[in-house]
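Below is one structure, written out as structure tokens; the observations come after it.
The values are calculated or read from the model by the stated rules, or taken from the named source; none is laboratory data. Just so we're clear, the structure is a prediction, and the values are computed from it rather than from any experiment. A quick note on method: Cβ atoms are made from the backbone with ideal geometry, for glycine too, and the neighbour counts reach across all protein chains shown.
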Amino acid sequence: MIKRFSRHNIEDAGSSGSLNDLSFLLIIFFIVIAGFNVNKGFLLNLPSKDKPIVVNTQDILKCSISGEGRLVLDGSEIELEELTKLVSDKLVSWPNMTFLLTIDPEASYQNVVDVISVIRKLKVENFSFRMNRSS
């Protein structure tokens, strides 16, 4: 009877489980220490539930955005530049003014952002918005 010697396969060091664990830990380490740049968007201060804000109805400046992107202020259609001038003039005589923006659900996002940006630049402290009820 002839005995055959079989060679044992030597495991490759690269297929070792410990290297896989080490690489996984390094990936986790670099993810944790990496600084992520997060776009914060518009930061709006919401009123607290403990101290509700009472607003006089005469101190509200009402503006609306239609589905086509038209701005309507006090019943007349205006442009964004006119809105800037009118709101800044009203703020001088009306420092406690509340700007109420009514948004049509079909209005584009960019139109809404443009109006909010103008109001923020003018430093209007009291800002509110709502969606029109869909018909």
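Counting only residues that are modelled with pLDDT of 75 or more and charged (D, E, K, R), how many does the range 11-43 have? Show your work before the answer.
The first filter runs over the range 11-43 and keeps only residues modelled with pLDDT of 75 or more, leaving 20-34.
Of the ones still in play, those that are also charged (D, E, K, R) are 21.
Qualifying residue count for the region: 1.
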**Complete:** Checked the range 79-128 for anything of a type in the set (Val, Ile, Thr), within 21 Å of Gly67 (Cα to Cα) and surrounded by fewer than 13 Cβ atoms within 10 Å (Cβ to Cβ); matches are Val113
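Quick check, is Ser88 of a type outside the set (A, V, I, L, M), out of contact with any helix residue (DSSP H, G or I) (no Cβ under 6 Å at 6 or more places or on another chain), at pLDDT 70 or above and within 17 Å of Glu125 (Cβ to Cβ)? Reasoning before the result, please.
Numbers: of a type outside the set (A, V, I, L, M): yes; out of contact with any helix residue (DSSP H, G or I) (no Cβ under 6 Å at 6 or more places or on another chain): yes; at pLDDT 70 or above: yes; within 17 Å of Glu125 (Cβ to Cβ): yes.
Considered against the rule, which asks whether it is of a type outside the set (A, V, I, L, M), out of contact with any helix residue (DSSP H, G or I) (no Cβ under 6 Å at 6 or more places or on another chain), at pLDDT 70 or above and within 17 Å of Glu125 (Cβ to Cβ), Ser88 comes out as yes.
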**Message:** Step by step: first the residues of the range 106-135, then only those that are in contact with a strand residue (DSSP E or B) (Cβ under 8 Å, 6 or more places away or on another chain) and polar (S, T, N, Q), then the one that is farthest from Ile78 (Cα to Cα). Which residue is that?
**Reply:** Asn126
**Prompt:** Which residues, taken from the range 65-92, are in a loop (DSSP other than H, G, I, E, B) and within 20 Å of Tyr109 (Cβ to Cβ)?
**Reply:** Ser66, Gly67, Glu68, Gly69, Arg70, Glu79
**Asked** Is it true that Leu80 is of a type outside the set (Asp, Glu), closer than 22 Å to Arg133 by Cβ and either modelled with pLDDT of 80 or more or touching a strand residue (DSSP E or B) at 6+ places or on another chain (Cβ under 6 Å) (or both)?
**Response** no
**Asked** If Ile53 satisfies every condition in (1) at pLDDT 90 or above; (2) of a type in the set (Val, Ile, Thr); (3) assigned to a loop (DSSP other than H, G, I, E, B) but one, which is the exception?
**Response** (1)
